Amino acid sequence: MFMKILFYHSCSFYKAPFCELIDEAEKLSREGNEVYFATCNGVMNCCFSNPTNNKYDCDVCNFSVKKSLKLLSNANIIDLKKYLVEKAYDWQYSNVTELKHVKYKEVQIGFAVVSYYISKTRNLNPKITSETKQYFDGLLTQASRLTDALDNLIKEIAPDKICIFNGRFFETRPAYELALNKNIPIDIYELIGGRKAPYYKVIFQNSLPHNLPYLKKLINSGWENSTKTEEEKTKIGKSFFERRRNGIEAGDKVYIGNQVAGMLPSNWDKSKKNVVIFNSSEDEFASVGDEYDKYALFPSQMEGIRSILEMHAGNDNIHFYLRIHPNLTNIKYRYHTDLYDIDKEFDNITIIPAGEKISTYALMDEADKVIVFGSTTGIEAAYWNKPVILLAGAIYYFDDVCYVPQTKEELKELVETENLPSKKEEETCLKFGFYFLDTERSISKNSYHYFNYNSYDVTFGGMTFHGTYCQKMLGSHKLYAYVIAFMRFVALKLFKNKTVIPTEEA
């Protein structure tokens, strides 16, 4: 059965994702579907690639969009501006919590704006003043303009399906939520792989990529539906944990590059019960909205850590070690910097700074128990046979490889229980590792069908830009990349930005 399918993408500077959607649109079009392809085309004046509202950078994007969309042989190219309704918007909020809950046409634009902002600045708690409110009002207005334009477009063409990339930020979230609200199936595309390996398309159907129950289903189905043998799957699943331990890329960047294997804190005392707390980059979890927050035992990691220390103050038999996540190195916001003051209040904790050379895996191996707030070290520690206590949402939250206390009393009992056994489930851990390393979960065996969206880097004027192999000028993908890089360089260096991103913390 042929369908009417609407593709939407916000910015051509997301080169691999943009061309991934173009390749998929071409495939679906050649299969006989009626394909529509819409882009921002100036409906919004800023996005993740142009956060400072540089008009000329926007012009470069539109130039790249028009040239790239010529790859499509038989698609209806949509000018989204034609569906825009100019009107005034009034936004009421006084802090970031209220900002998160701002909605427009039942679209959670507030969450999308905060997600975008945190990802850009890593500031969890921006200060809302009359000046900074203008900035956030601007983002809310851009999201609402996009919502109106997409809403009008959807009403006119009545698509059977909508296709977008990622869907988390304010520049795409309206398409996702409009589809759900109108009961239109939506495919959220993502990429696995990387520039040193081929990219592959994956799809999240009617779900954002960070939905934990949905991820649980994907992890299980990926294992169960794989054409590989049990031996092959097991080898791949094990390699995930072995690669992480050995500092080899496995589904994320390597964080232990500067650590010394086997190195423990100088005050490590084997005569005590040593509990290691691995905190997370709290901004990363906050930026995905409430998906992780709703599973958390504490409102913040800081509150959780303080509560744990208070519960066991005076118990000289237990000592805690807080390994601050390496990804927080150089972050100046208080959710990071305040962690270094905890040992001034409590004498039952040792703080290990984010950039410290002490080994994450030595801590994991020697710990009696491990406490995590969602970090992958949780399931890693479980795999290496450690009892793990999980205090917030995590990709492995529903895997039953960790203890998940629902009250502070349960948490206290778990910490104090002698010889708490590991909850390791071998196959569950292997499924997790297999999911992140196996490309079989992609929607096709080929990286691409018609247009090679694999990417590479080019450097111009000390700035790094990305190119894809299918975007060409005079038959050369390198020429295309350098021309776009030069145009962006000129736009970013010579023309004034209209927006200054506020970074002050409340």
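Just so it is clear, none of the values below were taken in a lab; they were calculated from the coordinates. All values derive from a computational prediction rather than experimental measurement. Cβ coordinates were reconstructed from backbone atoms using ideal geometry, including for glycine residues, and neighbour counts include every protein chain displayed.
Miscellaneous remarks
- As a length-normalised measure over Cα pairs under 8 Å and 6 or more apart, the relative contact order of region 153-254 settles at 17 percent.
- For the pair Phe63 and Leu180, label points projected 7 Å from Cα toward Cβ lie 3.8 nm apart.
- The charge dipole of region 252-427, taken about the Cα centre with unit charges on the Cβ atoms of Lys, Arg (+1) and Asp, Glu (-1), comes to about 460 debye, rounded to the nearest 20.
- At R0 = 60 Å, FRET efficiency that the Cβ-Cβ distance of Ser130 and Lys478 yields, to 0.05: 0.80
- From most to least packed by mean Cβ count within 10 Å, the peptides 251-261, 136-146, 70-80 give 136-146, 70-80, 251-261.
- Antiparallel bridge percentage (DSSP; both residues within region 4-219; nearest 5): 30
- If R0 is 35 Å, the Cβ-Cβ spacing of Lys408 and Lys155 corresponds to a FRET efficiency of close to 0.10.
- The 3J(HN,Hα) values that the Karplus relation (6.51, -1.76, 1.60; θ = phi - 60°) gives for region 371-382 are, in residue order, 10, 9, 10, x, 4, 4, 4, x, 6, 5, 4, 4 Hz. Gly and Pro appear as x.
- Simple point charges give the picture: +1 on the Cβ of Lys and Arg, -1 on the Cβ of Asp and Glu, and for the chain a dipole about the Cα centre of about 2020 debye.
- Seen against the Cα atoms of the chain and their longest principal axis, helix 55-69 is set at about 70 degrees.
- Here is the P(r) of region 81-194: all C-alpha pair distances, binned every 5 Å from 0, give 2, 12, 21, 22, 18, 12, 9, 4, 1 in whole percents.
- Label-point gap, in nm, between Lys87 and Val500 - each point 7 angstrom along Cα→Cβ: 3.3
- Simple spin-label estimate for Asn267 and Lys294 gives 4.1 nm between the two label positions (7 Å along the Cα-to-Cβ direction from each Cα).
- Translational diffusion coefficient of region 170-274 (Stokes-Einstein, Kirkwood radius from Cα pairs, 20 °C, 1.002 mPa s): 120 µm²/s.
- Between 0 and 90 degrees, the angle of helix 212-224 with respect to the longest Cα principal axis of the chain falls at about 90 degrees.
- Note that region 252-427 shows a convex hull volume over its alpha carbon atoms of 118 Å³ per residue.
- Point-charge dipole on Cβ atoms (K/R +1, D/E -1) for region 246-287, about Cα centre, debye to 20: 400
- The GluC sites (Glu not before Pro) of region 337-434 that DSSP puts in a loop, and whose beta carbon has at most 11 other beta carbons within 10 Å, are Glu345, Glu418.
- Between region 180-241 and region 60-89, the Cα center-to-center distance that results, in Å: 30
- By the count of neighbouring beta-carbon atoms within 10 Å, fewest first, Ile305, Ile248, Ile501 end up ordered Ile248, Ile501, Ile305.
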